[in-house]
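The values are calculated or read from the model by the stated rules, or taken from the named source; none is laboratory data. Just so we're clear, the structure is a prediction, and the values are computed from it rather than from any experiment. No Cβ is skipped: glycine too gets one built from the backbone with ideal geometry, and neighbour counts run over all protein chains shown. For the accessible areas, the whole protein counts, side chains as well, though only heavy atoms, and no ligand, DNA or RNA atoms are used. Shrake-Rupley method; radii C 1.70, N 1.55, O 1.52, S 1.80 Å.
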Amino acid sequence: MIIKSLKLKNYRNYELLDLNFDPKTNILYGDNAQGKTNILEALYLSGTTKSHRGTKDRDLIQFGCGESHLETIANKHGVDYKIDMHLKKNSPKGIAVNKIPIRRAGELFGIVHFVFFSPEDLNVIKDGPAGRRRFIDFELSQLDKVYLSNLSNYNRIINQRNSLLKELSFQKNLIDTLDIWDMQLAEYGTKIIERRKEFIKQVNEIISNIHYKLTGGKERIALSYEASIGNMTLEECLRKNREKDMKFKSTSAGPHRDDLCFRVDNLDIRKFGSQGQQRTAALSLKLSEIELVKVLIRDTPVLLLDDVLSELDKHRQNYLLDSIHDIQTVITCTGLDEFVNHRFSINKIFHVKNGSIAREN
Ligand SMILES: Nc1ncnc2c1ncn2[C@@H]1O[C@H](COP(=O)(O)OP(=O)(O)O)[C@@H](O)[C@H]1O
Ligand SMILES: [Mg+2]
């Protein structure tokens, strides 16, 4: 699949924009704060309904404007799909595919699939568990409609459970309602954990080879899912933790507290890896995501590379560029130096300056 074009109206710092992409490599370059990431964000939004930065719709709308429009044309197996999005300040966004309104994000599934790669992704092993959960959730939410719906139900229920835990200190008689929340939480949570484990198993099969090659045969990597419930079922765990949860007024175990462990030669590199080792493993993880997505969707995703190249040394840069020549990419960078000494062929170059974009080749 590819993205053919993107039109923006009053989105972030773009008043009006009309961009046509090349089916292969597109570079957006320019100084900081000119609007490069905003373009990748708009593309990601059009495929997932969410900003990769987690920004709310009202903040994506250009300052001083009431609403914002995005129109993306994707092409899959030779068929065009026009995705229209209409962002509003105080109500949910309107979405239409080929002029037919859709209600749920899940209905966009299968039209276009993005893999977003940002500098923060290179810190995914060094940083805390939240980023590792986000990695799994962002990808699975694009791959699996059922997961997306289980996750949004789980998040809703956990918020309700946590508010109830706070209220319980004032109204003891509410304790009966906790059973109802726990039952539902266990149901959705268990499905989330199972699906994540399956996903990590699939990533594991791919990453070992990629990481072995990327480290020139020096390192073997293995991922494992670390469930905060240990060997218990979520239901048992919620029951066991009830007193504690009531005391601390929050839910202490469940998929929202789980983690992903990375071992190299049996060493937990989250804690004991060198910075270089952690970043290389993070790159392997991202490359594995691309490969896995290709297999699972039986198509090529669109890769959005946000300012990542300048974060990598020559060897890793080359490895990354060599790995992605067969898919459509939109790459942002501050300069074109990174590409000078590489055989990587660039098809379109755009210069981004203060909310407007000029084609350069
Ligand atoms: N809602 C908004 N309305 C207008 N401008 C915005 C909005 N949100 C962000 N911006 C502007 O977008 C610019 C940052 O764009 P970004 O794409 O992140 O830059 P970069 O080129 O560094 O990737 C900043 O100048 C910021 O002020
Ligand atoms: Mg940026």
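Would you check if I100 is over 24 Å from E360 (Cα atoms) and open to solvent by less than 40 Å² (accessible area, probe 1.4 Å)? So I100 fails the test.
Of all residues in region 336-361, exactly one satisfies the criterion of being in a loop (DSSP other than H, G, I, E, B), at pLDDT 90 or above and open to solvent by less than 40 Å² (accessible area, probe 1.4 Å), namely G355.
Considering region 68-86, and only residues there that are more than 12 Å from K9 (Cα to Cα) and of a type in the set (D, E, K, R), the residue that is surrounded by the fewest Cβ atoms within 10 Å (Cβ to Cβ) turns out to be D80. Which ones in region 183-218 are free of Cβ contacts under 8 Å to residues at least 60 places away in the same chain and either open to solvent by less than 40 Å² (accessible area, probe 1.4 Å) or among the polar types (S, T, N, Q) (or both)? Hits for region 183-218 are Q184, A186, T190, N204, S208, N209, G217. Kindly evaluate D31 against the criterion of being more than 16 Å from ligand 2 (Cβ to nearest atom), surrounded by fewer than 13 Cβ atoms within 10 Å (Cβ to Cβ), more than 27 Å from L151 (Cβ to Cβ) and not polar (S, T, N, Q). Considered against the rule, which asks whether it is more than 16 Å from ligand 2 (Cβ to nearest atom), surrounded by fewer than 13 Cβ atoms within 10 Å (Cβ to Cβ), more than 27 Å from L151 (Cβ to Cβ) and not polar (S, T, N, Q), D31 comes out as no. Could you tell me whether R58 is basic (K, R) and within 15 Å of ligand 2 (Cβ to nearest atom)? Spelling it out, it is not the case that R58 is basic (K, R) and within 15 Å of ligand 2 (Cβ to nearest atom).
Within region 319-332, identify whether any single residue is touching a residue at least 40 places away in the same chain (Cβ under 8 Å) and within 30 Å of Y188 (Cα to Cα), and answer yes or no. No - not one qualifying residue is present in region 319-332. Looking only at region 80-106, which residues are farther than 10 Å from D57 by Cβ, more than 22 Å from the chain's Cα centre (by Cα) and outside any strand (DSSP E or B)? Within region 80-106, N98, K99 qualify.
Evaluate the following for V352: is it under 18 Å from the mean Cα position of the chain (by Cα) and of a type outside the set (D, E)? When the stated conditions are applied, V352 does not pass them.
Could you please give the count of residues in region 294-317 that are under 22 Å from V203 (Cα atoms) and either in a loop (DSSP other than H, G, I, E, B) or polar (S, T, N, Q) (or both)?
Pass one, region 294-317, residues under 22 Å from V203 (Cα atoms): 294-305, 308, 316-317.
Within this subset, residues satisfying the condition of being either in a loop (DSSP other than H, G, I, E, B) or polar (S, T, N, Q) (or both) are 298-301, 308, 317.
Result for region 294-317: 6.
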